[in-house]
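Novice: This structure is in structure tokens; I'll ask about it shortly.
The values are calculated or read from the model by the stated rules, or taken from the named source; none is laboratory data. For clarity, every value in this text was computed on a predicted model and none was experimentally measured. Positions of Cβ are backbone-derived with ideal geometry, glycine not excepted, and every protein chain shown enters the neighbour counts.
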């Protein structure tokens with residue numbers, strides 16, 4: 001009887017771990033795809049407003065690729081920003097002397113930390129209940145901004 005109980009508990013624990021792992025993988029792949037910025041729904045916290053932007057996320061077999069492209073329009077100039085981060089989950093990528101990027105999953109949230117010249121920027125990508133993607137960008141000495149993206 002005790003052996004049967006031990007096997008049942010072990011089996012139940014194994015099933016829980018299996019479902020948790022498959023659920024976690026599903027959460028990560030839910031962000032895969034191309035997302036288009038919805039500027040009217042975003043909160044720029046006094047920062048220059050992004051006119052257009054896209055984010056493409058691909059998480060394939062532990063390699064996470066985040067590609068970002070934004071256009072900022074000012075009174076006299078237009079600025080284009082394009083960036084790609086790719087790394088294994090929780091790996092740190094170094095580019096040049098003073099630029100490093102780390103991409104990792106924190107439960108269902110994709111976090112990208114970029115450090116340039118000693119200043120760290122944290123971007124958190126999460127799926128909202130309404131199906132949009134919410135991106136929070138935190139920089140030292142700035143108010144956090146919240147960007148809302150819709151699936152393309």
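Novice: Which numbered condition in (1) at pLDDT 85 or above; (2) assigned to a strand (DSSP E or B) is the only one that residue 45 fails?
Specialist: (2)
Novice: When the residues of the range 127-152 are filtered to those that are in a strand (DSSP E or B) and without any contact (Cβ under 8 Å) to a residue 24 or more places away in the chain, which remaining residue is surrounded by the fewest Cβ atoms within 10 Å (Cβ to Cβ)? Explain how you work it out, then say what you get.
Specialist: First pass over the range 127-152, keeping only residues in a strand (DSSP E or B): 127, 133-138, 145-151.
So of that shortlist, the ones also without any contact (Cβ under 8 Å) to a residue 24 or more places away in the chain come out as 134, 136-138.
Details: 134: 17, 136: 16, 137: 17, 138: 14.
Per the stated criteria, the residue is 138.
Novice: In addition: Given the conditions (1) at pLDDT 90 or above; (2) over 23 Å from residue 32 (Cβ atoms), report the number of the one that residue 130 does not fulfil.
Specialist: (2)
Novice: When you look at residue 68, is it closer than 23 Å to residue 149 by Cα, at pLDDT 75 or above and in contact with a strand residue (DSSP E or B) (Cβ under 6 Å, 6 or more places away or on another chain), yes or no?
Specialist: Numbers: closer than 23 Å to residue 149 by Cα: yes; at pLDDT 75 or above: yes; in contact with a strand residue (DSSP E or B) (Cβ under 6 Å, 6 or more places away or on another chain): yes.
In short, yes.
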